[in-house]
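A.B. asks: Would you mind keeping the following structure in view while I ask a few things?
The values are calculated or read from the model by the stated rules, or taken from the named source; none is laboratory data. Since the model is a prediction, treat every value here as computed from it, not as a measurement. Glycine gets a Cβ as well: all are built from the backbone with ideal geometry, and neighbour counts include every protein chain shown.
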Amino acid sequence: MNPSSFANENNQNENNNTSKKKRGGSQKRSWVWEWFLSDETGALCQVEAIDGQLCNKHYQNGSSTGILIDHLSNKHQITKGITKQDYVVRNKL
Ligand SMILES: [Zn+2]
């Protein structure tokens with residue numbers, strides 16, 4: 001009566017390797033945190049100036065990392081690719 005009833009045996013029962021590992025809670029840390037110290041009130045700029053003083057510019061909690069990035073690039077000429085080591089070496093030259 002119905003010849004097509006057996007045609008559908010494409011059983012794709014492959015091993016579903018879905019790893020359910022979820023990294024709980026921790027936000028993706030931005031590179032700006034290489035340069036900022038986060039405390040309970042916000043973020044504190046830890047960039048060391050040529051004279052050895054820390055910048056200590058403070059940003060309130062909730063400030064977007066964009067603001068921090070602006071500060072780093074405007075005040076310290078620090079951008080994403082610059083590591084602390086690069087920066088120190090440049091200052092010591
Ligand atoms: Zn700063």
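A.B. asks: Report, by residue number, each residue of segment 71-83 that is within 13 Å of the ligand (Cβ to nearest atom) and loosely packed, with under 12 Cβ neighbours inside 10 Å.
C.D. replies: ASN74, GLN77
A.B. asks: OK, next. Do we find that LYS57 is within 13 Å of the ligand (Cβ to nearest atom), farther than 19 Å from ARG29 by Cα and loosely packed, with under 14 Cβ neighbours inside 10 Å in this structure?
C.D. replies: Spelling it out, it is not the case that LYS57 is within 13 Å of the ligand (Cβ to nearest atom), farther than 19 Å from ARG29 by Cα and loosely packed, with under 14 Cβ neighbours inside 10 Å.
A.B. asks: Would you call ASP86 surrounded by fewer than 11 Cβ atoms within 10 Å (Cβ to Cβ), of a type outside the set (A, V, I, L, M, F, W, C), more than 10 Å from the ligand (Cβ to nearest atom) and modelled with pLDDT under 90?
C.D. replies: So ASP86 does not fit the description; no.
Yes or no, residue by residue, for (1) surrounded by 13 or more Cβ atoms within 10 Å (Cβ to Cβ); (2) modelled with pLDDT of 95 or more; (3) outside any loop (DSSP other than H, G, I, E, B):
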residue	(1), (2), (3)
MET1	no, no, no
SER4	no, no, yes
ASN17	no, no, no
GLY24	no, no, no
VAL32	yes, no, yes
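A.B. asks: Suppose the filter is at pLDDT 70 or above, in contact with a Cys (Cβ under 7 Å, 6 or more places away or on another chain), within 16 Å of the ligand (Cβ to nearest atom) and aliphatic (A, V, I, L, M); does ALA43 pass it?
C.D. replies: Answer is no for this residue.
A.B. asks: Let me ask something else about it. Would you pick out the residues in segment 50-83 that are in contact (Cβ under 8 Å) with a residue 12 or more places away in the chain and over 16 Å from the mean Cα position of the chain (by Cα)?
C.D. replies: ILE50, CYS55, ASN56, LYS57, HIS58, TYR59, GLN60, ASN61, HIS71, LYS75, HIS76
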